[in-house]
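Heads up: the structure comes next, in structure tokens.
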Amino acid sequence: MNDPTISDSPAPPQNAAGRVVLKPRKAQPFLARHPWVFASAVDRIEGDPQDGDVVDLVSDKGRFVARGVLNRNSSLRVRLYTWDANQPLDLSFWRRRLEDAFAMRRQLGLFSPQTGCRLAYSEADGLSGLVVDWFAGHAVAQVNSLAMAARWPQLAPLLAELLQPLSLTFRIDKTIASDEGLETQHGLAHGAWPQEPVTVEEHGLRYQVDLLGGQKTGFYLDQRDNRLAVSRYVRDRRVLDLFCYTGGFSLAAARLGGAREVLGVDSSKKAIAAAQAHAALNDATQVRFEAREAFETLDALQTQGQTFDAIILDPPKFTRTRRGVGAALQAYHRLNRRAVELLAPGGILVTCSCSGGVLREDFLDMLSGVAQKTARDVQVLEQRGAAPDHPVSAACLETEYLKCFICRVA
Ligand code: SAH
């Protein structure tokens with residue numbers, strides 16, 4: 001057995017160490033290039049592959065389907081990386097995958113010394129279980145699978161070579177670690193951590209990123225274009241930004257959009273302190289931040305009889321699984337309903353969901369329920385997703401997790 005920690009993992013073999021044989025009639029999703037083979041589809045494992053080793057996925061008739069990496073610790077038993085039988089999963093393969101991902105962000109104009117962008121996004125870039133974010137010269141890798149953790153000793157120098165970052169940080173976060181049979185850890189793989197906070201520019205505004213202590217890899221890059229989009233609707237308006245984290249939407253509303261007044265609320269004191277620093281850094285005087293729970297805030301604002309011309313709702317994931325979708329939709333309903341009740345006629349509701357299991361249609365249905373209960377017309381003006389450095393893989397629609405609807409509430 002490999003020790004599934006980053007530092008102690010032996011070099012993985014380059015060619016398949018065994019075969020994973022599918023049950024009859026289970027091959028279709030993988031022929032369609034879906035990269036996740038769950039235990040329920042697997043009939044047996046042949047050979048003696050260790051967890052973290054390369055395996056070939058074959059149909060019940062023994063036909064090659066795809067090549068991936070085995071992990072018996074996870075119900076996601078095999079992560080698939082190539083459908084070409086002649087393609088070994090070796091270092092030159094990972095190099096090409098990474099180069100391709102980085103080239104796309106360069107082409108988008110997102111990859112420069114000042115910017116923050118997602119350079120590699122897991123399944124959406126054919127790199128299941130690896131996320132690489134870029135913050136003004138500093139790279140942060142979320143190693144989200146045993147497959148990638150086992151290869152980290154090779155991937156780290158490769159990333160250092162390709163990106164020439166000032167620092168390369170890796171993180172294995174708690175939920176992923178328990179899913180994959182890894183240990184939570186983080187560390188510095190290359191270069192030196194900055195003495196000062198790292199400052200990234202987004203639409204001409206500046207944000208400081210905490211590479212280690214921040215949520216996700218430090219900044220919600222996926223909302224970049226939505227912040228700009230929302231800023232177009234808020235001129236001279238009074239805005240509430242609920243779940244504001246370090247103030248991305250608030251500052252865009254104030255500085256890009258010319259909002260009259262912005263209140264940003266988040267339950268994390270640390271995030272609020274960062275948001276206040278961001279307001280100062282960007283000379284946003286019409287913005288106020290408060291560390292408070294969102295539902296309590298909505299109650300209090302309602303009791304005070306306050307109204308807003310625009311409300312932004314960007315809550316954390318309400319469910320991690322398809323099973324939890326029903327309860328999540330109820331929570332979205334409660335939240336959105338309360339927000340709609342605080343909106344002045346003709347107000348703007350920006351409502352987001354980053355729960356992958358909640359589909360766009362489900363979310364629209366939820367909004368329809370809110371319209372009914374509040375007896376207000378909800379006009380969806382824009383249906384948006386994550387910025388293009390977080391692409392959606394047509395083969396793996398789970399990569400479409402972020403929904404952002406900009407609505408007018410009559
Ligand atoms: N809009 C932000 C990202 C929000 S992420 C941006 O653009 O950067 C979700 C945020 O919700 C996190 O900052 C988290 O601290 C906050 N949060 C989670 N539960 C909360 C609650 N019950 N009340 C208020 N904030 C909460």
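Sort through Val350, Val358 and tell me the only one that's within 27 Å of Arg118 (Cα to Cα), touching a helix residue (DSSP H, G or I) at 6+ places or on another chain (Cβ under 8 Å) and not in a loop (DSSP other than H, G, I, E, B).
Unique residue meeting the criteria: Val350.
Pull up segment 286-321, narrow it to residues that are outside any helix (DSSP H, G or I) and among the aliphatic types (A, V, I, L, M), then point me to the one that is surrounded by the fewest Cβ atoms within 10 Å (Cβ to Cβ).
Ala291
Within the set of pairs 6+ apart or on separate chains, which have a first residue in segment 85-98 that is at pLDDT 95 or above, a second that is among the β-branched types (Val, Ile, Thr), and C-beta atoms under 6 Å apart?
Leu89/Val54
Among the strands (runs of 3 or more DSSP E) contained in segment 151-247, which hold 1 or more residues that are within 15 Å of the ligand (Cβ to nearest atom) and surrounded by 20 or more Cβ atoms within 10 Å (Cβ to Cβ)?
In segment 151-247, the matching strands (runs of 3 or more DSSP E) lie at 198-202, 205-209, 238-242.
When residues of segment 106-122 are filtered for being part of a helix (DSSP H, G or I) and buried (at least 22 other Cβ atoms within 10 Å of the Cβ), how many remain?
Adding up the residues that qualify gives 1.
Scan segment 331-352 for residues that are surrounded by fewer than 16 Cβ atoms within 10 Å (Cβ to Cβ) and more than 15 Å from the ligand (Cβ to nearest atom) and jot them down.
Within segment 331-352, Ala344, Pro345, Gly346 meet the criteria.
When Trp83 is evaluated against the numbered criteria (1) within 29 Å of the chain's Cα centre (by Cα); (2) surrounded by 19 or more Cβ atoms within 10 Å (Cβ to Cβ), which criterion, by number, is the only one it fails?
It fails just one condition, (2).
The values are calculated or read from the model by the stated rules, or taken from the named source; none is laboratory data. The structure presented is a predicted model; accordingly, all values stated were derived computationally and were not measured. Ideal geometry is used to build each Cβ from the backbone, glycine not excepted, and the neighbour counts take in all protein chains shown.
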